[in-house]
1. So for the stretch 257-401: antiparallel DSSP bridges make up what percent, rounded to the nearest 5?
2. Relative contact order of the stretch 356-397, please, whole-number percent, based on alpha carbon pairs below 8 angstrom and at least 6 residues apart.
3. Would you report the distance distribution of C-alpha pairs in the stretch 164-225 as whole percents per 5 angstrom bin, up to the bin with the largest distance?
4. Please report the projected area of the stretch 204-285's Cα convex hull averaged over all directions, in nm².
5. Using only the alpha carbon atoms of the chain, find the Kirkwood hydrodynamic radius as the inverse mean reciprocal pair distance, in angstroms to one decimal.
6. Quick one: angle between helix 263-272 and the longest Cα principal axis of the chain, in degrees between 0 and 90, rounded to 10, please.
7. Among 80, 283, 115, rank each residue by its count of other Cβ atoms within 10 Å, from fewest to most, as a rough exposure measure.
8. Relative contact order, percent, of the chain when contacts are C-alpha pairs under 8 Å separated by at least 6 residues?
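Derivation of every value follows stated rules applied to the coordinates shown; laboratory data play no part. Please read all numbers here as calculations on a predicted model, not as lab measurements. Cβ atoms come from the backbone with ideal geometry, glycine included; neighbour counts cover every protein chain shown.
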Ligand code: DI6
Ligand code: FE
């Protein structure tokens, strides 16, 4: 006997093998927060305590946003104005604006203020069918504020949250000219404490001309490894520093951005099981010209995930559905690749592939219900929201908060 069954639904299971892994006129059953049966109606003969008629709606795995910087205070609308007058993102960062201006606001904000801001943001993801989100620290750049950000991320409700420690995001003002000493602080003090307090699921770094060198990134990754934490990398966003190869060398869960990544690095990623996370929101908002190497990723069979990169500087984007559309219009992904990017492959980029990202027996019952006629509509529409509800851990909510 199953706990609940959803009938009269079309299922985009996102299993590999057929387009969207789709099952029209399908049935999905849930028992103890897990998918206990999934398949076509004609093969279903089970019984369930609760029955729901979905009247032809589509069900997909809940969307997963695998790269965000969602906890912060303030905003950077003023820098947007400066950029529209011709300043570049790198120039603003070098002049002490950019990430460091968000660091100031985030250090000043109380933990409860940060929590209220983040909790309000998170609701928008749930409204658009997301059931899981990754959130990075990195706007504290000191021990107390990094820990504060991670505690806030852990307190959020409504979505499953994976936290990532991004202490190596930018060099704080008080360490100007002493980047290696700052990396000492990150490795010797902040990261071990965050780990000890149970606040970290993975470790990330920004390897870039305006941030940290490959050598400094290596030190952070070695420390993460010593603490038993998986790594990911902001790789080759603005220039090719060999980020893709560096991520692969450390068997990273993902290399993210990748606009300037080279083929050698991409080949190594395949061997290391490292996913690519593409971030069309940042590409769009910074008016980047260099497209990520989509064809190379396809040719080498590297799984492509997508995410909002939500942050106040380079991607103030709060819509997972718009990411699907942008991935198709800007990066020429197919709507199916886009949906895989925010389900199956996003789960991989977070190390959640055993429990999330597809509709399969045994996986967590995290799913989204959509009023659409075909799954391609999710990537096609701009600004529409056909989400009729989400289910997380087996609890269905028609009225998403
Ligand atoms: N790359 C990005 O796109 C964000 N962080 C990063 O390393 C930008 C963060 C910001 O501008 O506040
Ligand atoms: Fe980012």
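1. Antiparallel: roughly 75 percent of the beta bridges in the stretch 257-401.
2. Details: 42 pairs, mean separation 18.3, N = 42.
With pairs under 8 Å counted, the relative contact order is 43 percent.
3. Calculated P(r), rounded to whole percents: 4, 20, 34, 25, 13, 4, 0.
4. 4.9
5. Answer for the chain: a Kirkwood hydrodynamic radius of 21.3 Å.
6. Orientation of helix 263-272: about 60 degrees from the principal axis.
7. On the way: 80 13, 283 24, 115 18.
The fewest-first ordering by Cβ neighbours comes to 80, 115, 283.
8. Details: 972 pairs, mean separation 77.1, N = 401.
Relative contact order comes out at 19 percent.
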